[in-house]
Amino acid sequence: MADTVVTECVSEQAEKNVNVDLGSRSYDIRIGRGLLETAGSEIATLLPGARLAVVTDETVAGIHLKPFSASLTAAGLDHTVITVPAGESTKCFREFEHLCDEILAARLERGDAVVALGGGVVGDLTGFAAAAVRRGMAFVQVPTTLLAQVDSSVGGKTGINSRHGKNLIGAFHQPAVVLADTAILDTLPTRDFRSGYAEVAKYGLLGDADFFAWLEDNWKAVFAGGVERDEAVARSCQAKADVVAADELESGGRALLNLGHTFGHALESAVSYETERLVHGEGVSIGMMLAHEFSERLGLIGQDTVERVHKHLSDVGLPVHVQDIPGQLPPAQTFMDIIAQDKKVSRGALTFILTRGIGEAFVEKDVDPALVSDFLREKLEL
């Protein structure tokens, strides 16, 4: 059995709440231990009379579906359960079609709701189906991984992968509420928790130097499951909520949230999304390291900044070099072909998230492809 995050006994602590301010589409992110057991009453209050389709994967169903379903039943919510395979390969046309058909077969109406109980894959797939079926249904996120709680469940990005790249097909569809039960994270394998932590570190690196310094001092407590974990989740969600509220459809500043992702997504695509070799947060970790090294190459930061980022990600146990990925990787040109399909590419010009220091990330448009290609070739040949 895989190692799980070591947790300590914690006393009951106050629930945290983060609001995503989007006018008529505003919603709350509720953060705290034990929210799974009260989810039914939360959803019934928010969506009175709605019937639900609960979408989960085979792994999560075996651990969390029973208490969640009991909570819905206790609140008088009629619901049907749709189970999809676990893993990144589920974010595909085949499973999207299957999920849409299952929602329609359950005879859910436009005023009903679709609930994602799972990690980022389930959330992305379910949200896209909710956006498409009957031209838009209510959507609830109940994220069960750290990565989903601090990143993919917030902001309304939904979608599936294409053979051309990750998340290239989808829609913006905001949830009605996000219920982030941090006690659920006690059951995560250590590798999955670390993967999610890469996104937590990202928020410090892109715009909050004080938060990054706090993580350097408190990351062990975040892993241990005390009040620091809830604090880290809440601060991450607030950081994302602020960016999303300012740029919901990623027409400008929201691109900052992709620090490390252009390189990271290319790495995931290059290994054909084989999670035995690389999971999303590991790709982001290596990608953030590459973004800082590339920024150093361009004279934007010094080696001391690169070394500080390297130390923290390494201390946590995250990979930081492309050589940390098992197996052979394709040549630099293959990565350039993948990057050319990145969603931030505009009229063929490459856009990267670079940095002038810890917490000082910025969007750089029209990056010279030759510089990127030479940089990647060097890193792959180390």
Simple SL model, points at 7 angstrom along Cα→Cβ for ASP368 and LEU382; separation in nm is 2.2 nm
Roughly how many Å is it from the Cα centre of region 16-45 to that of region 295-347, as a whole number?
35 Å
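May I ask you to derive the relative contact order of region 234-382, considering only C-alpha pairs under 8 Å and at least 6 residues apart, and to give it as an integer percent? Please report the intermediate quantities before stating the final value.
Values: 180 pairs, mean separation 34.9, N = 149.
Result for region 234-382 is 23 percent.
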Residue span GLU58 to ASP337: 0.36 nm per residue of separation minus Cα-Cα distance leaves a gain in nm of 97.0 nm
Among ALA198, VAL243, LEU376, the residue whose Cα sits farthest towards the positive end of the charge dipole of region 190-380, when +1 is placed on the Cβ of each Lys and Arg and -1 on the Cβ of each Asp and Glu, is LEU376
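Relative contact order for the chain: what percent, with Cα pairs under 8 Å and sequence separation of 6 or more?
Details: 733 pairs, mean separation 62.3, N = 382.
Relative contact order of the chain: 16 percent.
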Cleavage-rule hits, chymotrypsin sites (Phe, Trp or Tyr not before Pro), region 44-127, DSSP coil, Cβ neighbours within 10 Å at most 15:
none
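For n ≥ 4 DSSP H runs only, could you compute -39500 (n - 2.57) per run for the chain, divide by its residues and tell me the 222 nm figure to the nearest 500? Don't jump to the answer; show the numbers that get you there.
Values: 12 runs with 163 residues, N = 382.
Rounded to the nearest 500, the figure is -13500 deg cm²/dmol.
Just so you know, all these numbers are worked out from the coordinates, no wet-lab data involved. All values reported here derive from a predicted model rather than from experimental measurement. Positions of Cβ are generated from backbone atoms using ideal geometry, with glycine treated the same way; all protein chains shown enter the neighbour counts.
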